[in-house]
Amino acid sequence: MRFIDRAKRILLGTSHKTQVVSLVSLCFAFIAFGAAAVAPGTPPDTSDIAFRIIEEEVQLSSLDKQLEKLKKDRQFYIREDKVRSGDTLGTLLSRLGVNDREAADFIKTHEKSRIFLQLKTGQVVQAKTDNRGRLYTLSTLLPNPDDIQTNTVVTRTDSGFTVSNDTVQMEKIVEMRSGTIQSSLFAATDAAGVPDPVTRKFIEMFSTDIDFNSDLRRGDRFNIVYETYWQNGKFLKTGHILAAEFVNKGTPYQSIWFERAPNKGGYYDFNGKSQKKAFLKSPLEFTRVSSGFSMRIHPVTGKIRQHKGIDFAAPTGTPIRAAADGTISFSGWQNGYGNFIVLKHWGAYSTAYGHMSRIAAGMTRGKKVSQGDVIGYVGTTGISTGPHLHYEFRVNNVQQNPAQIDMPNAHPLTSREMVRFRTHLADMQHRFALMDSTSANQRLAYHRQDK
């Protein structure tokens, strides 16, 4: 007993704390001893284990049978192609994988489906067929006014074919792009992802101030805000440039689109001044000026008198366009002028158009017209020796030489329009600020890479 008591005191100690520590240590020792006892030593000898290879022949169906089964199963294919110049219905359907006389006959004879016989070059057509070429759907998007398109679909049913016309609204997206000139404008706009039609319009907007062939400098910058139209995730076309800025040699040139009335707008500088001249330089595509604003011998009467207008020689039937926005104050026959129209513009301005072969349909007194609208056609009515347009520019109803007066810009914005203009301008300037901050960071990174 004394031996056992002495062993306890040696192993566990005399204090309570020492006894606890000793007991825990003994537990860990027993665990370690047990793990060592059961741990495997050398791996077992497997040389006396028998192995056997089993071979079994698997029967596979022949390739011909597999192909035959695929032919029996109905599979569908969707193909898309564009109408090409000289296409017939047969050649178009053939490229779309359609081999279906019944479908072709329906398209040719049904009134609504005959639209597929009148598609323009470049129009996209989509067909769904089975593996035998039977047509199940044939569809195309047809453009309509007001940014709306019609999806015309020919569909196979159990009882034959049907035609549907579903109106699909286009989605308008406002996009913002900026860039810096390194070599050319088109290279910079391509790098920025600007569509070519937008770039061409951009050049047109600033072409009176900048020669984009010779004035560009490396480091010139641009900001463009413009519209794009999409349908079912597909890009369709570009719209207006809503605002644009080009900094050339440190000088900023800016323009913003503003609509004074729904669907009637123009470009203005940031002070609200129209960038469009109020009057066209020429109201038609003419071949030559046959008589200017000057004294002359009248070709018919032989008398010397003041010719109070400009005569533009042009072939009979050439369209004549309104030189500016206005209202028709006279339309009809007037003495030596023949077929004659007078347009009243804002303020004291008016224009007159004589010797027309005929007046355009609907151009009667009181009709409002926009700059560029066709109002008549070149002729030689009244006292005239050949087809031409006699054009007069009047101030307070007195003929003036348009080449010698300071032609006004478009009718200025009213105070109420200026309020709307400034709100729209603030939105565009905010967009420019966002693009400028992004471009500044890009330019800083570019310069750091150069170093």
| query | Looking at this structure, is L236 in the same structural domain as M435 (by TED's automatic domain parsing), of a type in the set (A, V, I, L, M, F, W, C) and either crowded, with 18+ Cβ neighbours inside 10 Å or on the phi > 0 side of the Ramachandran plot (or both)? | reply | no
| If we scan the stretch 344-352, do we find a residue that is within 11 Å of Y391 (Cβ to Cβ) and either outside the structural domain of V395 (by TED's automatic domain parsing) or not aliphatic (A, V, I, L, M) (or both)? | yes
| query | Does at least one position in the stretch 94-114 carry a residue that is touching a helix residue (DSSP H, G or I) at 6+ places or on another chain (Cβ under 6 Å) and assigned to a helix (DSSP H, G or I)? | reply | yes
| remark: Of the conditions (1) modelled with pLDDT of 90 or more; (2) surrounded by fewer than 17 Cβ atoms within 10 Å (Cβ to Cβ); (3) not assigned by TED's automatic domain parsing to the domain that holds P252, the single one that F393 does not satisfy is (2)
| For G336, which of the numbered conditions (1) at pLDDT below 95; (2) surrounded by 16 or more Cβ atoms within 10 Å (Cβ to Cβ) fails to hold? | (2)
| query | In the stretch 204-243, what residues are touching an Asp or Glu at 6+ places or on another chain (Cβ under 7 Å) and either within 20 Å of S184 (Cα to Cα) or free of Cβ contacts under 8 Å to residues at least 40 places away in the same chain (or both)? | reply | F222, N223, H240
| said: G379 - would you say it is among the small types (G, A, S) and farther than 16 Å from I310 by Cβ? | reply: yes
| said: Of all residues being β-branched (V, I, T) and exposed (fewer than 11 other Cβ atoms within 10 Å of the Cβ) in the stretch 48-93, which is modelled with the highest pLDDT? Just the residue, please. | reply: T88
| field | Those strands (runs of 3 or more DSSP E) lying entirely in the stretch 132-215 with at least 3 residues under 30 Å from R431 (Cβ atoms) | value | 171-180
| remark: Picking from A278, A243, the residue that is surrounded by 14 or more Cβ atoms within 10 Å (Cβ to Cβ) and under 22 Å from T180 (Cβ atoms) would be A243
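Residue by residue, here is whether (1) in contact with a helix residue (DSSP H, G or I) (Cβ under 7 Å, 6 or more places away or on another chain); (2) modelled with pLDDT of 95 or more; (3) surrounded by fewer than 16 Cβ atoms within 10 Å (Cβ to Cβ) holds:
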site: W346; (1), (2), (3): no, no, yes
site: I359; (1), (2), (3): no, yes, no
site: M363; (1), (2), (3): no, yes, no
site: S370; (1), (2), (3): no, no, yes
site: S384; (1), (2), (3): no, no, no
site: N397; (1), (2), (3): no, no, yes
site: Q404; (1), (2), (3): no, no, yes
| message | The conditions are (1) free of Cβ contacts under 8 Å to residues at least 60 places away in the same chain; (2) part of a loop (DSSP other than H, G, I, E, B), and H411 fails exactly one of them. Which is it? | response | (1)
| field | Residue satisfying all of: in the stretch 281-302; in contact with a strand residue (DSSP E or B) (Cβ under 7 Å, 6 or more places away or on another chain), in a loop (DSSP other than H, G, I, E, B) and surrounded by fewer than 17 Cβ atoms within 10 Å (Cβ to Cβ); modelled with the lowest pLDDT among these | value | H298
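The values are calculated or read from the model by the stated rules, or taken from the named source; none is laboratory data. Computed from a predicted structure; not experimentally measured. FYI the Cβ positions are ideal-geometry reconstructions off the backbone, even for glycines, and counts take in every protein chain you see.
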